[in-house]
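Heads up: the structure comes next, in structure tokens.
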Amino acid sequence: MTAARTPGFDGHGIDGHGIDGCGIDGHGIDGHGIDGHGFDTLAIHAGQEPDPTTGAVVVPIYATSTYKQDGVGGLRGGYEYSRSANPTRTALESCLATLEGGSRGLAFASGLAAEDALLRAVCQPGDHVVIPGDAYGGTYRLFARVLARWGLDYSPAPLGELAAARAAITPATRVIWCETPTNPLLGVADIAALAELAHEVDALLVVDNTFASPYLQRPLALGADVVVHSTTKYLGGHSDVVGGALVVRDAELAERLAFHQNAMGAVAGPFDSWLVLRGVKTLGVRMDRHCANARRVVDLLATSPRVTRVRYPGLPDDPGHAIAAKQMRDFGGMVSFVVAGGEPAAVEVCRRTEVFTLGESLGGVESLIEHPHRMTHASVADSPLAVDPGLVRLSVGIESAEDLRADLAQALG
Ligand SMILES: *Cc1c(COP(=O)(O)O)cnc(C)c1O
């Protein structure tokens with residue numbers, strides 16, 4: 001069914017103001033704002049009007065599975081069963097749709113649940129998907145171990161090179177799946193160019209916008225058809241929830257995805273939706289600090305004799321810098337680097353940090369460090385997506401920058 005929208009929860013911003021899909025708060029590709037409202041205003045208010053019955057300023061956690069009907073078929077606000085729609089989830093979905101410049105958002109139990117629903121909705125057995133040569137490990141595993149058995153074919157390609165992306169397309173290609181920046185190498189792909197390429201062959205461009213978040217990058221405005229999020233990361237922002245989301249602009253595609261969301265059932269629960277919604281309110285201020293701290297950390301790493309390579313799209317000599325500067329507001333909080341001495345040296349650095357917590361995931365207020373080869377990317381160790389055993393990945397948090405720099409300096413020895 002169609003998830004109902006109470007007034008103001010229509011996915012089009014607050015007070016009936018729409019969103020023109022052009023740029024980020026005056027910092028976008030073509031300089032347009034979001035119809036008179038800044039990003040941070042929308043993050044706090046879109047889809048979140050005070051409760052009409054009590055005046056509660058914060059959207060309540062609607063812990064209910066079902067809804068009283070006023071006579072058979074007489075739905076209040078369209079709600080009938082919480083797999084189909086729940087008001088807390090609706091508020092989150094509406095807010096995310098607004099922030100990404102889409103017509104509809106759909107919240108799922110995890111990023112991978114969102115990906116699975118999307119791929120089963122837009123592909124069928126026999127179709128083909130071009131995926132990034134350094135896709136998120138869980139995304140690669142979903143293609144290689146789950147959807148391949150369903151009959152979905154895929155080819156990894158370095159999507160930072162347009163010619164390589166083009167060469168990977170087959171007559172059966174239905175989707176180009178892009179992540180930018182990528183995990184863990186922070187590779188950058190040109191969203192506008194990939195959208196053009198996908199549309200040339202009647203395929204969809206899907207962009208996993210988890211690393212950038214809509215504050216830094218808005219793929220739909222650049223021509224992408226679907227945005228994917230692990231809301232577990234920057235959108236939630238506090239390492240206290242696992243969730244996922246899809247945002248689209250096309251109404252027909254939105255309906256198809258909503259059907260699959262309900263038919264497959266991996267929806268975000270009301271408490272999880274509430275946590276993500278709360279996180280989103282501070283997305284802008286958190287991202288500004290994540291980016292500023294990442295720059296300070298990169299400055300330190302770039303001068304360390306123990307570090308042989310730093311991967312960060314904000315570095316002027318990074319291969320992705322020019323495109324990142326064109327399509328992103330800032331360069332994000334993720335940094336990867338290679339330690340001289342390979343795996344044992346990288347593992348030792350991860351063991352020695354004290355402020356950076358050794359752990360998987362990313363995008364929370366606290367800084368995390370991890371060893372992709374043996375942790376997040378262990379599942380791709382024997383695949384074409386295997387990563388350098390000397391690589392260390394940082395999710396730079398919003399603690400005091402000096403503490404983060406001192407911690408890394410002592411860990412590098
Ligand atoms: C974490 C992550 C995912 C998967 O999301 P889950 O919420 O863990 O299921 C997908 N893409 C990227 C880039 C991620 O970092």
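Rule-based calculations on the coordinates, nothing more; no lab input. Remember, predicted model here, so these are calculated numbers, not experimental data. Cβ atoms come from the backbone with ideal geometry, glycine included; neighbour counts cover every protein chain shown.
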Plugging the Kirkwood radius over Cα pairs into Stokes-Einstein for the stretch 166-205, at a temperature of 25 °C and a viscosity of 0.890 mPa s, what D comes out in µm²/s? 231
Leading residue at positive end of dipole, the stretch 348-413 (Cβ point charges), from G359, H377, L408: H377
Given charges of +1 on the Cβ of Lys and Arg and -1 on the Cβ of Asp and Glu, with all other atoms neutral, how large is the dipole of the chain about its Cα centre, in debye to the nearest 20? 660
Sum -39500 (n - 2.57) across every DSSP H segment of at least 4 residues in the chain, then divide by the residue count to get the 222 nm mean residue ellipticity, nearest 500. -9500 deg cm²/dmol
If you put +1 on each Lys and Arg Cβ and -1 on each Asp and Glu Cβ, how big is the dipole of the stretch 240-311 around its Cα centre, in Debye rounded to 20? 580
Starting from the Cα gyration tensor of the chain, multiply each eigenvalue by 5, take the square root, and state the resulting semi-axes largest first in whole Å. 34, 25, 20
Would you look at the GNM of the chain, springs on alpha carbons closer than 10 Å, and say which of P171, P319, P372 moves the most? P171
Kindly point out which whole DSSP H helices in the chain project their C-alpha atoms 18 angstrom or further along the helix axis while averaging a Kyte-Doolittle hydropathy of -0.5 or above. 87-100, 251-264, 283-302
Convex hull over the Cα atoms of the stretch 39-280, averaged projected area in nm²? 13.1
Gyration tensor (Cα) of the stretch 285-412, equivalent ellipsoid semi-axes in angstrom: 21, 18, 14
Can you compute the charge dipole magnitude of the stretch 39-280 about its Cα centre, using +1 on each Lys and Arg Cβ and -1 on each Asp and Glu Cβ, nothing else charged? Give it in debye, rounded to the nearest 20. 560
Which residue, V130, A221, T231, has the largest displacement toward the positive end of the dipole of the chain when charges sit on each Cβ (Lys, Arg +1; Asp, Glu -1)? T231
